[in-house]
1. So if R0 is 35 Å, what FRET efficiency would residue 70 and residue 99 give, r being the distance between their Cβ atoms, rounded to the nearest 0.05?
2. For the chain, which longest stretch is free of loop sites, where a loop site is one of the GluC sites (Glu not before Pro) that DSSP puts outside H, G, I, E and B and that has at most 14 other Cβ atoms within 10 Å?
3. What is the set of long-range amide H partners of residue 192 at a cut-off below 5 Å, with H atoms built 1.01 Å from backbone N?
4. Pull out the extension gain between residue 171 and residue 42, defined as 0.36 nm times the separation in residues minus the alpha carbon to alpha carbon distance; nm, one decimal.
5. Taking the chain as the reference, fit the longest principal axis to its C-alpha atoms, fit the long axis of helix 18-29 to the helix C-alpha atoms, and give the angle between the two in degrees, 0 to 90, nearest 10.
6. Taking 7 Å along the Cα-to-C-beta vector as the label spot, tell me the residue 106-residue 244 distance in nanometres, rounded to one decimal.
7. Tell me which residues come under 5 Å, amide H to amide H, from residue 185 once H is placed; ignore anything under 5 positions away on its chain.
8. Measure nothing fancy, just the Cα-based angle from helix 115-133's long axis to the longest principal axis of the chain, in degrees from 0 to 90, nearest 10.
Amino acid sequence: MAGRLDGTVALVTGASSGIGEATAVALAAEGARLVLVARRRDRLEALASRIGGDAVVIEADVTDAAQAQAAVAQAVEVAGRLDIVINNAGVMLLGPAEEAPYEEWERMVAVNVTGVLATTYAALPHLLSAAETAERRVADVVTISSTAGRIARAGSGVYNLTKFGVGAFSEALRQEVTKRHVRVGLVEPGATVSELRDHLRAPIRDAQAERFRTMEPLEATDIAEAVVYMVTRDRRQAVNEMLIRPTEQET
């Protein structure tokens, strides 16, 4: 049986682990050729071997606009086109503003905002072209956000800022390109098993673990399924936003 994404090329940032890795596997299962972008080449190469076929590995730090744009250019040069972009690279560094190292704030803005902007900026001309000329006549850019893009919490101010920000950017961009059949989507996961909490300082990490101790979190594959749903809809359908929380998560 043919995959629903046969003949397409999909680029995934932050593909070396978690949601990015699961999404790459899920898109490949639907027939897409994958372009895997992250800083950890060894993990990308291992993932490319698992996926098989002609997956492209690009080592890049998307917080550097030049590297993000070069990654997109290399993807198009090697694969010949670009139909789907998944902005997944992200970092979550929580804690009270009074005690926070300013470098953590800078890092979140760089990864969660600059990385999305640089990658989308570079990819947009290619997505518009695919929507106009490719067999599917539609293209997609999906950004992985968070429930933190909907609900602000004490100790999460800058993370909230980045996620509210990419939500606003996504909606504005959607309005600009939707009549040209580039669909702009946002996925907002709740508590999900990933490496995000590994980056937290120890007391904050322990507090987060306690908060979710009695809750069964989402798996990365749950979010990957949502992404696949969005990008495999018929050309007439645009799923612009999906909020996905564990059943037991209240906020």
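Just so it is clear, none of the values below were taken in a lab; they were calculated from the coordinates. Note that the structure is a prediction, hence the values are computed from the model and not measured. Heads up, the Cβs are rebuilt from the backbone with ideal geometry, glycines too, and the neighbour counts pull from every protein chain shown.
1. 0.40
2. With a cap of 14 other Cβ atoms within 10 Å, the longest stretch comes to 1-134.
3. 218
4. 42.9 nm
5. Helix 18-29 and the main axis of the chain meet at about 20 degrees.
6. Placing both labels 7 Å beyond Cα along the Cβ direction yields 3.4 nm.
7. Amide H neighbours of residue 185, under 5 Å, 5+ apart: 141, 142, 143.
8. Relative to the chain, helix 115-133 is tipped by roughly 30 degrees.
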